[in-house]
Each structure stands twice: as structure tokens, then as C-alpha cells.
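Student: This structure is in C-alpha cells; I'll ask about it shortly.
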Amino acid sequence: MKRTTLFCAGISLALVLNGLTVFAADDNDMIRVNEDICVSADYDWTRFQGHGVSLNVYNWGEYISNGSDDSVDVISAFEELTGISVNYTTFDSNETMYAKIKSGAADYDVIVPSDYMVAKMINEEMLLPINHDNVPNMARMDDQYMNQDFDPGNKYSVPYMICTTGIIYNTSMVSTAPTSWADLWNSEYAGNILMFNNSRDAYAIAAFKLGFSINPDSVDEVSIVIEELKAQKPLVQAYVMDEIFDKIEGGEAAVGVYYSGDAITMIDDNPDLAWVFPEEGSVLSIDNMCIPTACRNQEAAEMFINYMCEIDVGVANCEYIGYTTPSTEIWECLDDEMKYNEIAYPSEEELAKTQVFTNLSNEVNDELDTKWSEMKSYNEGGNAYTMLFLLMAGVTLACFNIWRKIRKKMRSTYQ
Amino acid sequence: MKTRHLRILQRTYVILFFGFMYLPIAYMMIFSFNESKGYALFTGVTLKWYKSLFSNSSILSALVLSLELALISAIIATVLGTSAAIGINSMKTKPRLLITNITYIPVVNPEIITGISLMLMFVAYQTIAVKVDFLPNTIMGFPTLLIAHIAFNVPYVIFNVLPKLRQMDIRLYEAALDLGCNPHQAFFKVVLPEIMPAVLSSFLICLTYSIDDFMISYFNCGTLETLPLQIYSMTRRKVSPEIYALSTIMFIVILSIIMISNSLESRNYKKNQTKN
């Protein structure tokens, strides 16, 4: 047996040297792509080989293992395996991605929207139903992350990564550790709190505190919850997104709220930091792979999605991103440090307290947007005047300069 | 006594000014050697981000796209803009004023409006092209990026070259014709060398604007990704230190080009001075 493998390896080496790529079959029906990645052999990975197929993939920034910092380059392994070339580009928010697809200015084949955005895109008929036969690896995903309200039966989406929101705080800067969302209203932390600069996530925090649903049904509900955020505002140092990394790591703020996967990165950089899964529960966000209607080759897109659910690929991604995998099979292959990380993998009982975002009705959504920007601009009237003053000063300076130049010119003409 | 005070004031002003401009860059350069991923804590010196930058295919391909785009669009925009400037220069006063004012509009227009309107035009083109056989259906991508970049670069070229043309003595051109050049030769032998500094500087301006541009590329890039777009999309998670490494390299390359060209220039200047 061993000999044959050796023989095979020899042949494949020779073929590789001849410029052909052949993948040696591993013991348990696996195809080895490179030293880090094996994929299951009972899937026809090579059917697009030599057809010049390309895929446009649109994912979150820094949300895949991309070969930097000694990680595995999963995209180039996919290209090597299937002969499909991947044009991989990135976005910074669901809304950016939505706007781009909606404008019709880009033809993407695979996109990675979050839960509520999946629902919105399904409603607006922007996604194609996925042929489950072409994505057998979907069976690897845990039931608890499948069949969610935003896409019953996972007709349009396959979960990619999940995370929860929670509180991250600097143990050396607070005397009593926060334990719940309600603690973010505690005046002890005044001026030291960082909140989400993102209406849905910030809303969810106040909703949890008040015991409301994170997906409001009515406009009145929105007003009550936003009032709560308004009450918190004097205590908040800033509303931030990625700036939180530096503010929290550098000790500029003591308490912040962010996503679990990113909290792991922060704690790696600064061991004084700690994570709290709030008592009231938390938001479970699920980022999903979907196929937009503009897709040019659905089967190839499904192949890509299937590949992303392969165990080795999932492991590489988890290790690089630090987010949580929705698959127990992938989880089992992680190294122990990641596997038993309570931040990435909260207990059953904590998970039971999570809620998932769904799409809001237009009316409620608009109300949330207006109330949110109202809340944020509240009390900031002074700033507008400062800006006006600065603008005036600038204009005066420019006028003065022009006047000086004209005077100079006049003088020189008389001389 | 008074002059000394003044000098101290001057010095602090200069130091403040340059500190304001260059401290952030220096900070970023220092942190490109940082062991950990953050820029809040400096944990140790390493070159790993430089090493991993050269194995990060997505950053490198974005960089290559940005450079290609900048180079091609700058060349085309310079040629177009220079010829437009020559045309505008020989117009009568009224149409010239009209045309220069029209050219000003894209410069003063907020970039976001230019970007969106270009995108709308390209999308409209696509809906028409689907119905017409001989037109290519999908142009979103490099073609649209190129058109967009040329479009916002041309006015800068015109406004750089026009003053130089007006400075030039028109009699030089006439003399060349008198001495037996045809208009074609007169242009290449007399006019072009005269306006060359302006053409070159506008080429460089186009290059930098094009590499820099975020807003207009954002709307017109199709499924491509230029370097600024990629850096922006990293901001939800974290801007990778590889970007600091890349920026450091770019900064040093540009700085050394400027230094070398300045030193060459000053040497030439000195030579000319001694000759005279």
C-alpha cells in the first residue's frame, strides 16, 4: 500500500514537473491541493478546468485567509484546484455592498451579506436560489445556524461565519467589571464608553437592556429604545466602528462594545482586556454566502461556496479571521486555544439567549434611521457653529490674500 | 531683540507646520515595523509585514491595477488636455472664456457627483448595449475606470498648460513658420519644448490624482478594486499593517525621486550660473 502511494506520488511529481497539475488522492477520499488544504474527493471540482471561467467574489475586508502573515492562501488553492480564476474584492459594510449590487454597476457571482441584508435582498429579488445538490458541504453546518428567519430553509444562503456582540473592557481601568448591557448606562464609566456607530447594533443594545426585541415591529417601539440611547449619550466617549481597536488597545477608553471575533484580536494585542457576554443576551450575526441575480455562472459560484465549506478551508479562515465557524466539523479541527475559546464559542446557555437580526419593514427602518441620526446630532449644535466660524475665517484669509496680491500688482505696475 | 523674537516665532511656525504634515507619516512608518497588528502598542521590531506584503496577492494586484490605471489615464489625459489647451488658447476671447468656465465645472464639482453621474451614464449605456448587437454589453470594470479617470484628469492638464501657452511668445511660432517649418514641425520643434515643463508637471499631477482617487473609482470600478478602495474596505475589521509597509515604501520611493530630481536640477542651475 505504502509503495503504491509512493509510486503515485512519484508519478504526480513527474506530471507536475511536466507542467500539468494532478492532485494525489489521500487515504480517506480526499484530494490534496497543497500542503495545507485537502478537499473531499466525491465532488467534481475540475469540471470547469480549461473553460476560462472566472468568478467575481465580493466579501468583507480582511474576511478570508489570504496568505498574509503566514496564513494559507485559500483563494489561490481554489484556483489551482478548479482552474476557475477568482477576482476577489472587498466591501466595508452591508449597505455599501447592497448599493453596489442594486446600482447594477457590478456583476458579482458570490457575495457575503449578513442576516438582515439577506432578508432584504430576498425581498427585492436580488438573489438566486442555491441548488443544494451542488453544495453538499452545506450538511456540515450546524442546525442551530440554519433555517433562520431571514432565509427559511436556506434557499438563498449558506452560513460563512458567525459572531456575537458583547462588551470588551480594560481590567486595569475599571474597578468593577461590567456584566450586562445595562452597565453601559452606569455613570461609573462616564466618558469611557465606546458605542457602535451603526444603528442596528446600537439599537440592539438598548433593546436588550429594556427587554425588547432587537427587531422592532412598530415605530413607537423605536422611539422608546432610541430615547434610552439618548439617555446614555452623555456617558459615551465616542460612537465608533474599527477605531475601537486602537482606542481600547491603547487605553483611551475603558469599556467598549464590538464583535466577538474582533475582540479576540484585541485581547491578543493587549492582555489587559477582557470580554463579557452580557447577561441580557446578545446579537448573533450570521454572515452568509449568496449568489446575486447578476451571476454569470451559477454552478461555478456554487462550487466556490461548497469549497468555502470544506474543513481545511474553514479551519484556515477561522484561524486567520478569529471569527466563529457555524460548523461543528470545522470546529473539531481547530487548535485547542481557538476551540475552547469562550469568546468565539459561547456556551449553549449563552447561545440560547441570542437573537438574530431580520429585515425591518420600510416604515420602521426609516424611523430607525432618522431617530438614530437625530440622537447622534443631538447636543452637537455647537459644532456646526465652529465649522461655520472656521469657514468664515478661511474665506477672510483667502480674500485678504487676494487683496494683498492685487495691491502688490498695482504697485509694481506704477513703478 | 525684535528680530530674534521674530526668528523664534518663524522657527516654531516652520516646526509646527512640518510636524503637522509629517508626524502622522513618521508614526505610520514606525508602526510598519511593529510586531503586533495594532498601532496603539509598540511590542517589538520586525520586518514581517514587509515580507508578507510581497506574498499578499490581493494587495499587490490592487496596487498593480492602481498603477496601470494611473499611468494609462495620465498619458491619455495629458495628450488630450494639452491639445485642448492649444485649441482653447487660439480661440477668440468669448468662446475661450466659455470653454474655460465649462472646464472648471468638473474641478469644482464635488467628486461624488462626478462619480455618480458617470456611473449612471455607464449603467444607461449597458441597458442600451444589451439591445444593440455590435456594442459590447459589459463595460463595467477597467474601461469605465479608465474613462472616469481620464475625465477628471483632463481639466487639471488644461489649467496647467494654458498659462504656459499664454506666457509663450506667439512670435516664436510664427518665426518657425517663416524659417521654413510646416505647422506640424513648428509645433513639435518650437511650441512643445516651450510648454514641456507644464505638460510634464500636469502629467505628474494626473498620476497622483489618479492613484489617490477614491470617490470616482468607488462608483465606476465594477468588480475591480484599486488600492484606495481595498484599504477602505479593511476599515471594518482592521487596516492591515502591510498597508503601512506599502505606504512607507511608496513614500520613500517618491521622496527619493523628488530629492534626486531636485539635486540634478540644482546642479544644472549651478553649471549654468558658472557658465554665465
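The values are calculated or read from the model by the stated rules, or taken from the named source; none is laboratory data. Quantities reported herein were computed from a predicted structural model and do not represent experimental measurements. Please note: Cβ atoms are built from the backbone with ideal geometry, for glycine as well, and neighbour counts cover all protein chains shown.
Student: When only residues in segment A:305-335 that are hydrophobic (A, V, I, L, M, F, W, C) and touching a Ser or Thr at 6+ places or on another chain (Cβ under 6 Å) count, which is nearest to A:Y345 (Cα to Cα)?
Tutor: Per the stated criteria, the residue is A:W331.
Student: Looking at this structure, is A:M289 touching a strand residue (DSSP E or B) at 6+ places or on another chain (Cβ under 7 Å), within 26 Å of A:N56 (Cβ to Cβ) and surrounded by 22 or more Cβ atoms within 10 Å (Cβ to Cβ)?
Tutor: Working: touching a strand residue (DSSP E or B) at 6+ places or on another chain (Cβ under 7 Å): yes; within 26 Å of A:N56 (Cβ to Cβ): yes; surrounded by 22 or more Cβ atoms within 10 Å (Cβ to Cβ): yes.
Yes; evaluated as a whole, the condition is true for this residue.
Student: Looking at segment B:106-123 only, could you name the residues that are more than 10 Å from chain A (Cβ to nearest Cβ), assigned to a helix (DSSP H, G or I) and without any contact (Cβ under 8 Å) to a residue 40 or more places away in the chain?
Tutor: Selection gives B:V108, B:I113, B:S117, B:M121.
Student: Quick one: would you say B:T3 is more than 10 Å from chain A (Cβ to nearest Cβ), in a helix (DSSP H, G or I), of a type in the set (V, I, T) and in contact with a Cys (Cβ under 8 Å, 6 or more places away or on another chain)?
Tutor: So B:T3 fails the test.
Student: All but one of (1) of a type outside the set (V, I, T); (2) in contact with a Pro (Cβ under 9 Å, 6 or more places away or on another chain); (3) outside any strand (DSSP E or B); (4) within 21 Å of A:E342 (Cβ to Cβ) hold for A:S172; which doesn't?
Tutor: Result: A:S172 fails condition (2) only.
Student: Give, as residue ranges, the helices (runs of 4 or more DSSP H) completely inside segment B:124-238 that count at least 2 residues that are within 18 Å of B:S83 (Cβ to Cβ).
Tutor: Details: elements: B:142-167, B:170-178, B:183-186, B:192-212, B:215-220, B:227-233.
Filter on segment B:124-238 gives B:142-167, B:170-178, B:183-186, B:192-212.
Student: So in segment B:229-246, with the set limited to residues that are within 7 Å of chain A (Cβ to nearest Cβ) and touching a residue at least 24 places away in the same chain (Cβ under 8 Å), which one is nearest to the chain's Cα centre (by Cα)?
Tutor: B:Q230
Student: Just to be sure I understand, how many residues within segment B:2-57 are touching a Ser or Thr at 6+ places or on another chain (Cβ under 7 Å) and on the phi > 0 side of the Ramachandran plot?
Tutor: The qualifying residues number 0.
Student: Let me ask something additional. Hey, among the residues in segment B:40-56 that are within 9 Å of chain A (Cβ to nearest Cβ) and in a loop (DSSP other than H, G, I, E, B), which one's nearest to A:I75 (Cα to Cα)?
Tutor: Within segment B:40-56, the match that is nearest to A:I75 (Cα to Cα) is B:N56.
Student: Does segment A:201-211 hold any residues that are surrounded by fewer than 20 Cβ atoms within 10 Å (Cβ to Cβ) and either at pLDDT 95 or above or assigned to a helix (DSSP H, G or I) (or both), and which are they?
Tutor: Our first condition is that a residue be surrounded by fewer than 20 Cβ atoms within 10 Å (Cβ to Cβ); within segment A:201-211, this holds for A:201, A:210-211.
A:D201, A:L210 - these are the residues of segment A:201-211 that are surrounded by fewer than 20 Cβ atoms within 10 Å (Cβ to Cβ) and either at pLDDT 95 or above or assigned to a helix (DSSP H, G or I) (or both).
Student: Closer than 30 Å to A:S103 by Cβ, within 14 Å of chain A (Cβ to nearest Cβ) and more than 16 Å from the chain's Cα centre (by Cα) - does that describe any residue in segment B:206-219?
Tutor: yes
Student: Another question, if that's okay. Which one is farthest from the other protein chains (Cβ to nearest Cβ), of the residues in segment A:99-117 that are of a type in the set (S, T, Y) and assigned to a helix (DSSP H, G or I)?
Tutor: Here is the first cut: in segment A:99-117, the residues of a type in the set (S, T, Y) are A:103, A:108, A:114, A:116.
Checking which are assigned to a helix (DSSP H, G or I) leaves us with A:103, A:116.
Details: A:S103: 6, A:Y116: 16 Å.
It comes out as A:Y116.
Student: Being out of contact with any helix residue (DSSP H, G or I) (no Cβ under 9 Å at 6 or more places or on another chain) and within 19 Å of A:E299 (Cβ to Cβ) is the filter here, so list the residues in segment A:120-132 that pass it. Reasoning before the result, please.
Tutor: Kept after step one, since they are out of contact with any helix residue (DSSP H, G or I) (no Cβ under 9 Å at 6 or more places or on another chain), are these residues of segment A:120-132: A:122-123, A:125, A:129.
Matches in segment A:120-132: A:P129 only.
Student: Looking at B:I15, B:I59, B:I8, B:I30 in this structure, which one is in a helix (DSSP H, G or I) and facing chain A (nearest Cβ under 10 Å)? Even if it seems obvious, please write down each step before you answer.
Tutor: Numbers: B:I15 fails: facing chain A (nearest Cβ under 10 Å); B:I8 fails: facing chain A (nearest Cβ under 10 Å); B:I30 fails: facing chain A (nearest Cβ under 10 Å).
After ruling out the rest, the residue left standing is B:I59.
Student: Among the residues of segment A:231-240, is there at least one that is in contact (Cβ under 8 Å) with a residue 24 or more places away in the chain, within 14 Å of chain B (Cβ to nearest Cβ) and buried (at least 17 other Cβ atoms within 10 Å of the Cβ)?
Tutor: Yes, segment A:231-240 contains a residue that is in contact (Cβ under 8 Å) with a residue 24 or more places away in the chain, within 14 Å of chain B (Cβ to nearest Cβ) and buried (at least 17 other Cβ atoms within 10 Å of the Cβ).
Student: For segment A:204-238, enumerate the residues that are of a type in the set (G, A, S) and touching a helix residue (DSSP H, G or I) at 6+ places or on another chain (Cβ under 6 Å).
Tutor: Correct list: A:A206, A:A207.
Student: For segment A:243-280, how many residues meet the condition of being surrounded by fewer than 18 Cβ atoms within 10 Å (Cβ to Cβ), touching a Ser or Thr at 6+ places or on another chain (Cβ under 7 Å) and within 11 Å of another protein chain (Cβ to nearest Cβ)?
Tutor: Counting residues in segment A:243-280 that are surrounded by fewer than 18 Cβ atoms within 10 Å (Cβ to Cβ), touching a Ser or Thr at 6+ places or on another chain (Cβ under 7 Å) and within 11 Å of another protein chain (Cβ to nearest Cβ) gives 1.
Student: How many of the residues in segment A:39-53 are in contact with a Ser or Thr (Cβ under 8 Å, 6 or more places away or on another chain) and surrounded by 16 or more Cβ atoms within 10 Å (Cβ to Cβ)?
Tutor: 3
Student: Out of the residues in segment A:66-98 that are within 16 Å of A:I37 (Cβ to Cβ) and among the small types (G, A, S), which is farthest from the other protein chains (Cβ to nearest Cβ)?
Tutor: Filtering first and then ranking leaves A:G83.
Student: When you scan segment A:330-340, do you find a residue that is crowded, with 17+ Cβ neighbours inside 10 Å, at pLDDT below 90 and among the acidic types (D, E), even just one? So that I can check it myself, show each step before the final result.
Tutor: As a first pass, look at segment A:330-340 and keep what is crowded, with 17+ Cβ neighbours inside 10 Å: A:330-331, A:334, A:338.
Add one more test, that the residue is at pLDDT below 90, and what stays is A:338.
Restricting the remaining residues to those that are among the acidic types (D, E) gives none.
Scanning segment A:330-340 turns up no residue that is crowded, with 17+ Cβ neighbours inside 10 Å, at pLDDT below 90 and among the acidic types (D, E).
Student: Do you know which of the residues in segment B:49-60 that are of a type outside the set (A, V, I, L, M, F, W, C) and touching a residue at least 12 places away in the same chain (Cβ under 8 Å) is surrounded by the most Cβ atoms within 10 Å (Cβ to Cβ)? Explain how you work it out, then say what you get.
Tutor: Of the residues in segment B:49-60, the ones of a type outside the set (A, V, I, L, M, F, W, C) are B:50-52, B:55-58.
Narrowing further to those that are touching a residue at least 12 places away in the same chain (Cβ under 8 Å): B:50, B:52, B:56, B:58.
Values: B:Y50: 17, B:S52: 20, B:N56: 24, B:S58: 20.
The extreme case among them is B:N56.
Student: May I ask you to verify whether A:A119 is surrounded by fewer than 15 Cβ atoms within 10 Å (Cβ to Cβ), more than 23 Å from B:V123 (Cβ to Cβ) and among the hydrophobic types (A, V, I, L, M, F, W, C)?
Tutor: no
Student: Across segment A:376-397, what is the number of residues that are within 32 Å of the chain's Cα centre (by Cα) and either modelled with pLDDT of 90 or more or not in a helix (DSSP H, G or I) (or both)?
Tutor: Adding up the residues that qualify gives 3.
Student: I'd like to check something: does segment B:64-76 contain any residue that is out of contact with any helix residue (DSSP H, G or I) (no Cβ under 8 Å at 6 or more places or on another chain) and more than 15 Å from B:I216 (Cβ to Cβ)?
Tutor: Taking every residue of segment B:64-76 in turn, at least one turns out to be out of contact with any helix residue (DSSP H, G or I) (no Cβ under 8 Å at 6 or more places or on another chain) and more than 15 Å from B:I216 (Cβ to Cβ).
Student: Look at segment B:160-186 and say how many of its residues are buried (at least 17 other Cβ atoms within 10 Å of the Cβ) and within 30 Å of B:S73 (Cβ to Cβ).
Tutor: Adding up the residues that qualify gives 7.
Student: A further question on this structure: For segment A:69-85, which positions are without any contact (Cβ under 8 Å) to a residue 40 or more places away in the chain and over 29 Å from B:V239 (Cβ atoms)?
Tutor: Answer for segment A:69-85, where residues must be without any contact (Cβ under 8 Å) to a residue 40 or more places away in the chain and over 29 Å from B:V239 (Cβ atoms): just A:G83.
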